[in-house]
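Engineer: Below: one structure in structure tokens.
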Amino acid sequence: VTLVSPDDNAVIGLSQEFSFFSADNLAKTITCSIYIDGIEYRTDIEAPNMAIVTIPSADLEEGEHAWEVRCIDPAGWIGISAARVYDLDKTPPAIVMKSPENNSIIADSTELEFEVTDNYGLASILFVRDGNETEVEADFTVDVSDWPDGPSEFAVKAEDPVGNQAEQ
């Protein structure tokens, strides 16, 4: 039994899938179970010989987990994969407008200040105004001097490496 993904020590999200394959010298199909943290997670998985099988990731507590696959062929021979460790990341990025306060009346000399953080890192951060998206860094400011007078709406969108998203 060979684990394909996620890699050992990977950070994954709930959209990630577990994948593995099993090989047997005679059996066309092998029955497998996935264990997470030593507890049976999925059972009776039909695994065709040498075919990659994918299973949705487990919605567990965020943090580090270990997984392995155990398979049995029709003759009763059991194969067990090596164990791999992964970190489950379910937390979306945090977006903070540091200044000014929301719904403030500001001068054209005021800069909007933002900070975007995530517990496992950031993949992309976008500042959106009037349908225009601009890629920005985790700590950034926006110059409003060329904005017209009156109300303005804008958003910050952030995504981490495993697809967790936030918008403010």
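Engineer: Restricting the range 73-99 to residues that are of a type in the set (Ser, Thr, Tyr) and assigned to a strand (DSSP E or B), which is farthest from Asp44 (Cα to Cα)?
Structural biologist: Let us first name the residues in the range 73-99 that are of a type in the set (Ser, Thr, Tyr), namely 81, 86, 91, 99.
Those left that are additionally assigned to a strand (DSSP E or B): 86, 99.
Values: Tyr86: 23, Ser99: 55 Å.
For the range 73-99, the residue satisfying everything is Ser99.
Engineer: I'm checking my understanding of the structure. Among residues of the range 109-118 that are part of a loop (DSSP other than H, G, I, E, B) and of a type in the set (S, T, N, Q), which one is most open to solvent (accessible area, probe 1.4 Å)? Break it down stepwise before answering.
Structural biologist: Within the range 109-118, the first condition is being part of a loop (DSSP other than H, G, I, E, B), and the residues that meet it are 109-110, 118.
Those left that are additionally of a type in the set (S, T, N, Q): 109-110.
Working: Ser109: 96, Thr110: 39 Å².
My answer is Ser109.
Engineer: Next up: Consider Arg84 carefully, then state whether it is surrounded by 15 or more Cβ atoms within 10 Å (Cβ to Cβ) and under 22 Å from the mean Cα position of the chain (by Cα).
Structural biologist: Working: surrounded by 15 or more Cβ atoms within 10 Å (Cβ to Cβ): yes; under 22 Å from the mean Cα position of the chain (by Cα): yes.
Taking the combined requirement at face value, the residue satisfies it.
Engineer: Does the range 50-63 hold any residues that are open to solvent by less than 40 Å² (accessible area, probe 1.4 Å) and of a type in the set (A, V, I, L, M), and which are they? Please lay out each step first, then the result.
Structural biologist: Pass one, the range 50-63, residues open to solvent by less than 40 Å² (accessible area, probe 1.4 Å): 51, 53, 55, 57-58, 63.
Of everything in the range 50-63, those that are open to solvent by less than 40 Å² (accessible area, probe 1.4 Å) and of a type in the set (A, V, I, L, M) turn out to be Ala51, Val53, Ile55, Ala58.
Engineer: Yes or no: Ala47 open to solvent by less than 80 Å² (accessible area, probe 1.4 Å), of a type in the set (A, V, I, L, M, F, W, C) and without any contact (Cβ under 8 Å) to a residue 40 or more places away in the chain?
Structural biologist: Details: open to solvent by less than 80 Å² (accessible area, probe 1.4 Å): yes; of a type in the set (A, V, I, L, M, F, W, C): yes; without any contact (Cβ under 8 Å) to a residue 40 or more places away in the chain: yes.
For Ala47, the condition - open to solvent by less than 80 Å² (accessible area, probe 1.4 Å), of a type in the set (A, V, I, L, M, F, W, C) and without any contact (Cβ under 8 Å) to a residue 40 or more places away in the chain - is met.
Engineer: Mind listing whichever residues of the range 6-49 are of a type outside the set (Asp, Glu), touching a strand residue (DSSP E or B) at 6+ places or on another chain (Cβ under 6 Å) and not in a strand (DSSP E or B)? Outline the logic, then answer.
Structural biologist: First, the residues of the range 6-49 that are of a type outside the set (Asp, Glu): 6, 9-16, 18-23, 25-36, 38-39, 41-43, 45, 47-49.
The next check asks that each one be touching a strand residue (DSSP E or B) at 6+ places or on another chain (Cβ under 6 Å); those that pass are 6, 9-12, 18-22, 29-36, 41-43, 45, 47-48.
Residues satisfying the conditions are Pro6, Asn9, Ser22.
Engineer: Something else: Test Ala66 against the criterion of being exposed (fewer than 15 other Cβ atoms within 10 Å of the Cβ), under 30 Å from Thr29 (Cβ atoms) and within 21 Å of the chain's Cα centre (by Cα), and give yes or no.
Structural biologist: Working: exposed (fewer than 15 other Cβ atoms within 10 Å of the Cβ): yes; under 30 Å from Thr29 (Cβ atoms): yes; within 21 Å of the chain's Cα centre (by Cα): yes.
Criteria met by Ala66.
Engineer: Kindly list, by first and then second residue, each pair from a residue in the range 88-108 that is in contact (Cβ under 8 Å) with a residue 24 or more places away in the chain and open to solvent by less than 70 Å² (accessible area, probe 1.4 Å) to a residue that is part of a loop (DSSP other than H, G, I, E, B) and among the charged types (D, E, K, R), limited to pairs with Cβ atoms under 6 Å and residues at least 6 apart or on different chains.
Structural biologist: Note: pairs meeting the criteria are Leu88/Glu62; Pro93/Asp118; Pro93/Asp160.
Engineer: Restrict the check to the range 119-139 and report whether at least one residue is farther than 30 Å from His65 by Cβ, at pLDDT 90 or above and assigned to a loop (DSSP other than H, G, I, E, B).
Structural biologist: At the first step, the residues of the range 119-139 found to be farther than 30 Å from His65 by Cβ are 126-137, 139.
Those still in the list that are at pLDDT 90 or above too: 126-129, 132-137, 139.
Still in the list and also assigned to a loop (DSSP other than H, G, I, E, B): 136-137.
Scanning the range 119-139 turns up at least one residue that is farther than 30 Å from His65 by Cβ, at pLDDT 90 or above and assigned to a loop (DSSP other than H, G, I, E, B).
The values are calculated or read from the model by the stated rules, or taken from the named source; none is laboratory data. Nothing here was measured: the structure is a model prediction, and the numbers come from that model. Cβ sites come from the backbone with ideal geometry, for glycine too, and all protein chains shown count toward neighbours. Heads up: the accessible areas ignore ligands, DNA and RNA and are worked out on the full protein's heavy atoms, side chains in. Shrake-Rupley method; radii C 1.70, N 1.55, O 1.52, S 1.80 Å.
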